Amino acid sequence: MKKLFILFLIAANVTVFSQTKQQVINDIQKRQAEYSSIAMDIWKYAEVGYQEYKSSELLQQTLKKEGFSVTAGVAEIPTAFVATFGSGKPVIGILGEFDALPGLSQAAKPEKESLNGVAGHACGHHLFGVGSAAAAIAVKDWMKKTGQKGTVKFYGTPAEEGGSGKVYMVRDGLFNGVDVVLHWHPGSGNSANASSSLANKSGKFRFYGRSAHAAASPENGRSALDGVEAMTHMINMMREHVQEDSRIHYVITSGGKAPNVVPDFAELYLYVRHPNRTNVKEMWEWMENIAQGAAQGTGTRVESEVLGGVYELLPNETLAKVMHSNMNKVGGYVLTPEEVAFANKILPTPGMFKSTLDATNTIEELKLESSANGGSTDVGDVSWAVPTVGCRTATWVPGTPAHSWQAVAAGGTNIGVKGMMIAAKTIALSAIDLFQNQELIDKATVEFKAKTGGDFKYESLLGDRKPALNYRN
């Protein structure tokens, strides 16, 4: 009889716990229209890295109204902030991004059509920031209702796209004392895998020459563009001799103004990536040597500026299992007939991958692997400072690549909003699990320490440089 009573109490507690989670899901869902409006405002702002003044302010005001205390301008970044609710342990951090990409303006239509001609949210960070804020607000509400002790921190993190905003925040100790960090990212499917990413270092190489008339007196000139072209030629020879999973890509951001004038200035913007940051460091040193050789060979002078540098993601299997379990509780969503029509127009456009539309309503099986995907993120640095976990949700038409006009288009519709709501609910439920189960935090911390090693000391790939606030200029 006593055993049956104990089993009854356990079952009752599980039921209450499930009902509590369901209430959190319901509370978030009730505010979909409000969160959609905020996300669409940021989608329209489309502010690039370190220039996200309106986007950052809107998120700050949203959190302030909900009772969070906000510290703005952290890490010497005007648009970075930390919003805090509660006190004491445990401390759960939630990341939010809000920067757009230059040159990817697009209307919320299934045909390619520029909206403002400047920038667009081709990586869905308007959804990222708002979805994470919605999760933080839901956790705050749950803490107030249940009397749960602890702290939830929302990190407003600018300039993920090449500006390495989180790196400066890690370097300034803003994640010290945090037990676990949760994040997510827009995508074309729903998953919560323990996977890695590519470490990355980026910067600009500026060549200075001497202008002259290109026809009348070319012998008096020294072409800065020749310096850039010599460098890119040697970079492309270098590709044969780096590890095959390396990535090198660049654009010439300045190459002169007129063909009949020998250009006295030219600039190359360059990225190097690899699954291991040590190889990134070595490739960057090679780039520096190539630049000096190119300058000497063309009679020019070169200067370099490192603008970004991020670690590879450190996966945490313990936390991935927690997040995956909660994503399964939340579930996916079904496209409406109008959304199917939108999707069917975008699917045949160039650049799309093969996929099925039911991916929005499917939760992918959990994958516990440390292999890197094709992208880089400054969340990597956070993951080496504190146990970190993230998920992806279907905010785009399935088969949509990131950094595409198709991603901007879907992100400006209810398709993006529905995916954002899945992320908000998943993060909120995962945070609740962590608040209620210290053993999960302890287990994740043990895994984190085992992977980083006992003698690990964080050193950013950016050295001691200040935030590159003008890197998009």
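The values are calculated or read from the model by the stated rules, or taken from the named source; none is laboratory data. Remember, predicted model here, so these are calculated numbers, not experimental data. Heads up, the Cβs are rebuilt from the backbone with ideal geometry, glycines too, and the neighbour counts pull from every protein chain shown.
Please determine whether any residue of the stretch 82-94 is assigned to a loop (DSSP other than H, G, I, E, B) and either outside the structural domain of LYS140 (by TED's automatic domain parsing) or out of contact with any strand residue (DSSP E or B) (no Cβ under 7 Å at 6 or more places or on another chain) (or both). Scanning the stretch 82-94, I find no residue that is assigned to a loop (DSSP other than H, G, I, E, B) and either outside the structural domain of LYS140 (by TED's automatic domain parsing) or out of contact with any strand residue (DSSP E or B) (no Cβ under 7 Å at 6 or more places or on another chain) (or both), so the answer is no. Within the stretch 162-196, being more than 25 Å from LYS89 (Cβ to Cβ), surrounded by fewer than 24 Cβ atoms within 10 Å (Cβ to Cβ) and modelled with pLDDT of 95 or more holds for HIS185, GLY187, GLY189, SER191. Of all residues in the stretch 46-74, those that are under 26 Å from GLY120 (Cβ atoms), assigned to a helix (DSSP H, G or I) and touching a residue at least 60 places away in the same chain (Cβ under 8 Å) total 6. Note on the stretch 421-473: residues that are touching a strand residue (DSSP E or B) at 6+ places or on another chain (Cβ under 7 Å) and under 17 Å from ALA138 (Cβ atoms) amount to 8.
Can you pull out every residue in the stretch 451-470 that is buried (at least 16 other Cβ atoms within 10 Å of the Cβ), closer than 16 Å to VAL379 by Cβ and in contact with a helix residue (DSSP H, G or I) (Cβ under 8 Å, 6 or more places away or on another chain)? SER460, LEU461, LEU462, listed by residue number. For the stretch 266-319, filtering for residues that are in a helix (DSSP H, G or I) and assigned by TED's automatic domain parsing to the domain that holds ARG247 leaves 22. Any residue at all in the stretch 90-112 that is more than 18 Å from THR377 (Cβ to Cβ), polar (S, T, N, Q) and more than 23 Å from the chain's Cα centre (by Cα)? Checked against the condition, which is being more than 18 Å from THR377 (Cβ to Cβ), polar (S, T, N, Q) and more than 23 Å from the chain's Cα centre (by Cα), the stretch 90-112 yields no hits at all. For the stretch 399-411, name all the residues that are buried (at least 24 other Cβ atoms within 10 Å of the Cβ) and part of a loop (DSSP other than H, G, I, E, B). The one that is buried (at least 24 other Cβ atoms within 10 Å of the Cβ) and part of a loop (DSSP other than H, G, I, E, B): THR400.
So, ASP381, is that one charged (D, E, K, R) and in contact with a strand residue (DSSP E or B) (Cβ under 8 Å, 6 or more places away or on another chain) or not?
Yes; evaluated as a whole, the condition is true for this residue.
Among all positions in the stretch 365-383, there is at least one residue which is surrounded by fewer than 21 Cβ atoms within 10 Å (Cβ to Cβ), within 15 Å of SER191 (Cα to Cα) and touching a helix residue (DSSP H, G or I) at 6+ places or on another chain (Cβ under 8 Å).
All of LYS466, LYS457 fail the test of being at pLDDT 95 or above and either in a loop (DSSP other than H, G, I, E, B) or of a type in the set (A, V, I, L, M, F, W, C) (or both), apart from LYS466.
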